[in-house]
Structures are given as C-alpha cells and as structure tokens.
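The values are calculated or read from the model by the stated rules, or taken from the named source; none is laboratory data. Not measured: the values here are computed from a predicted model. No Cβ is skipped: glycine too gets one built from the backbone with ideal geometry, and neighbour counts run over all protein chains shown. Ligands, DNA and RNA are excluded from the accessible area calculation, which covers all protein heavy atoms including side chains. Shrake-Rupley method; radii C 1.70, N 1.55, O 1.52, S 1.80 Å.
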Amino acid sequence: MEIKIGIQNVNREIVLDSDQSADEVADIVAKAMNGGAELRLADSKGRNVIVPANVLGYVEIGAEESRRVGFGAP
C-alpha cells in the first residue's frame, strides 16, 4: 500500500510502500498526532521513516489492492 506524508513548509511529500494494513497505519498516525513525539513507519524494504509529529501536514493512506498478475490484468 502506498503512503504519502506531507510536511509543513516543504514542497515535496514523502512516498513509501508499506506491507502494513490501512488500519495499522491509521492507528500509528493517530497515536503520533495525539501526543506522540514522532511518526515512525517502516516501508516494504525494511527502511524506517521517522517524521516529527509537530511538522506533519497530512498523511494519505492508499487503498489496499491485490497484486495483478499476467498480461491481460486490467
């Protein structure tokens, strides 16, 4: 699933792919926004992304979709 993180006063957003479910990511974001010091997420390659909670502009959580296989997959 693709996650986009917008940072205040920064033009570019952070984009990462995660193996976590949308509900797990939403819980992590909510905890960071409600008194947490940081937003910490891991991407599908094992890298960690850490963003101070006080500079978060938005977090966009993409829809979970199954991988399509084959030439004729729409």
Quick one: what pairs do we get from the stretch 1-23, first residue in contact (Cβ under 8 Å) with a residue 12 or more places away in the chain and of a type in the set (Gly, Ala, Ser), second open to solvent by 80 Å² or more (accessible area, probe 1.4 Å) and part of a strand (DSSP E or B), C-beta under 6 Å, 6+ apart or different chains? GLY6/TYR58
Within the stretch 10-63, residues loosely packed, with under 11 Cβ neighbours inside 10 Å and in contact with a helix residue (DSSP H, G or I) (Cβ under 7 Å, 6 or more places away or on another chain) come out as ALA37
If you check every pair at least six apart or on different chains, which have Cβ atoms under 6 Å apart with a residue in the stretch 52-64 that is in a strand (DSSP E or B) first and a residue that is surrounded by fewer than 16 Cβ atoms within 10 Å (Cβ to Cβ) second? PRO52/GLU38; GLY57/ILE7; GLY57/GLN8; GLU60/LYS4; ILE61/ALA22
